[in-house]
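The values are calculated or read from the model by the stated rules, or taken from the named source; none is laboratory data. None of these values were measured; they are calculated from a predicted model. No Cβ is skipped: glycine too gets one built from the backbone with ideal geometry, and neighbour counts run over all protein chains shown. These area figures cover heavy atoms from the full protein model, side chains too; ligands, DNA and RNA do not enter into them. Shrake-Rupley method; radii C 1.70, N 1.55, O 1.52, S 1.80 Å.
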Amino acid sequence: MKPTRLVISAFGPYKDRVEIPLDRLGTNEIYLITGDTGAGKTTIFDAITFALFDVSSGGNRSKKMFRSLYADESTPTYVEMDFIYRQEKYWIKRIPEYNRLKKSGEGYTRQNSDAHLIYPDGREISGVAKVNQAINELLGIDKDQFTQIAMIAQGDFLDLLLAKSEDRQKLFRNIFKTNNFDLIEQRLREERSLYSRKLLDLDVMDRSMLDSLRIHRENERLEELLGQEKPWHSRELLALIEE
């Protein structure tokens, strides 16, 4: 999933409508969002994760807190985003719950949360629950997985550096799409275990067969081989038995 355009309106510290043309970043695979403390970096993360998953990037901001305290009362709060997934373009818009001016009369009324998603073929679905389900089916990941493999915040990156090797392995497996190789490795381990058990059964049978042999003529080399732990690994054994 690659966002190509992000519109933030009266959202967090952004009191006006701000459009970020992410497609101008080019075709590189990794981008760094940097700036001074309080510059609004995390809000960009929040806007992207809110647009996709209806929550903030850190999960510690209520949607009721998304409305900018600095915005003009007439400025609506919403996040709109164009993104490309598997070479196809999608459009999504979310509106958080907040108190807004009444369109007629005086005072305020509650703006209910809402969501809209437009597919590449022009089909549109509306409603928070329906859009949430559609995004989950489309991307196949949730917010936690997204913020680990696609958009890593500063604090989360520190967690990654300090994570256990096993946890980092799972994360990088998702990032570099090596799950298929892991499945192959698991399949090979299972087959190795299967054939190891079969080999053990054959060893038991071989040992039993050799223990039942009776040597009618003295043969020091044959007796030496039969005294070894696994004499059937010697190419010489069959020739001595036949002799």
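What to note about this one:
- Annotation: amide H-H contacts under 5 Å for Tyr98 (H modelled 1.01 Å from N, sequence separation of 5 or more, or interchain): Gln111.
- Kirkwood Rh (inverse of mean 1/r, distinct Cα pairs), the range 1-101, angstrom: 14.0
- C-alpha long axis of helix 179-211 to longest principal axis of the chain, angle in °: 20
- Trypsin sites (Lys or Arg not before Pro) within the range 183-243, DSSP loop, no more than 15 other Cβ atoms inside 10 Å: Arg214, Arg217, Arg235
- Restricting the range 1-83 to GluC sites (Glu not before Pro) in coil, as DSSP defines it, with at most 10 other Cβ within 10 Å: Glu29, Glu73
- With θ taken as phi - 60° and the Karplus curve 6.51 cos²θ - 1.76 cosθ + 1.60 applied, the whole-hertz 3J(HN,Hα) list for the range 21-29 is x, 5, 5, 6, 6, x, 9, 5, 8 Hz, x standing for glycine and proline.
- The label point for Lys41 and the one for Asp72, both projected 7 Å from the Cα toward the Cβ, are 3.1 nm apart.
- Interchain or long-range residues, amide H under 5 Å from Asp114's placed H: Ile95
- 3J(HN,Hα) along the range 77-88: 9, 6, 10, 10, 8, 9, 8, 10, 9, 6, 6, 10 Hz, from the Karplus curve 6.51 cos²θ - 1.76 cosθ + 1.60 with θ = phi - 60°, whole Hz, x for Gly and Pro.
- Given (i) 32.5, 117; (ii) 21.1, 64; (iii) 17.1, 55, the label whose value is Rg and Dmax of the Cα atoms in Å derived from this model: (i)
- Here the accessible area of the range 1-132 is 48 percent carbon and sulfur, with a 1.4 angstrom probe and all protein chains present.
- Considering only Val204, Val7, Ser193, and ranking their Cα positions along the charge dipole of the chain that arises from unit charges at the beta-carbon of Lys, Arg, Asp and Glu, the one farthest toward the positive end is Val7.
- Counting only chymotrypsin sites (Phe, Trp or Tyr not before Pro) that DSSP places in a loop and that have at most 14 other Cβ atoms within 10 Å, the longest clean stretch of the chain runs over 71-175.
- Subset of Lys89/Lys143; Lys15/Lys89; Lys102/Lys130; Lys89/Lys130; Lys170/Lys198 violating a 30 Å alpha-carbon distance limit: Lys170/Lys198
- At R0 = 22 Å, FRET efficiency that the Cβ-Cβ distance of Asn219 and Leu199 yields, to 0.05: 0.20
- For the chain, built as a Gaussian network whose Cα springs stay under 10 Å, the top-fluctuating residue of Ser165, Ser193, Ser126: Ser193
- Each Lys and Arg contributes +1 and each Asp and Glu -1, all at the Cβ; summed about the Cα centre of the chain, the dipole is approximately 1480 debye.
- Theoretical FRET efficiency, 1/(1+(r/R0)^6), r = Cβ-Cβ of Met1 and Leu238, R0 45 Å, to 0.05: 0.10
- Rolling a 1.4 Å probe across all protein chains gives Met1 an accessible area of roughly 70 Å².
- Taking each DSSP H run with n ≥ 4 as -39500 (n - 2.57) and averaging over every residue of the chain yields -13000 deg cm²/dmol at 222 nm.
- Working from label points 7 Å from Cα in the Cα-to-Cβ sense, the Arg207 to Asp142 distance is 5.0 nm.
- Remark: the chain carries 70 Å² of accessible area per residue (probe radius 1.4 Å; ligands, DNA and RNA excluded).
- Leading residue at positive end of dipole, the chain (Cβ point charges), from Gly107, Ser165, Tyr119: Gly107
- Over the chain, relative contact order from alpha-carbon pairs under 8 Å, at least 6 apart, %: 13
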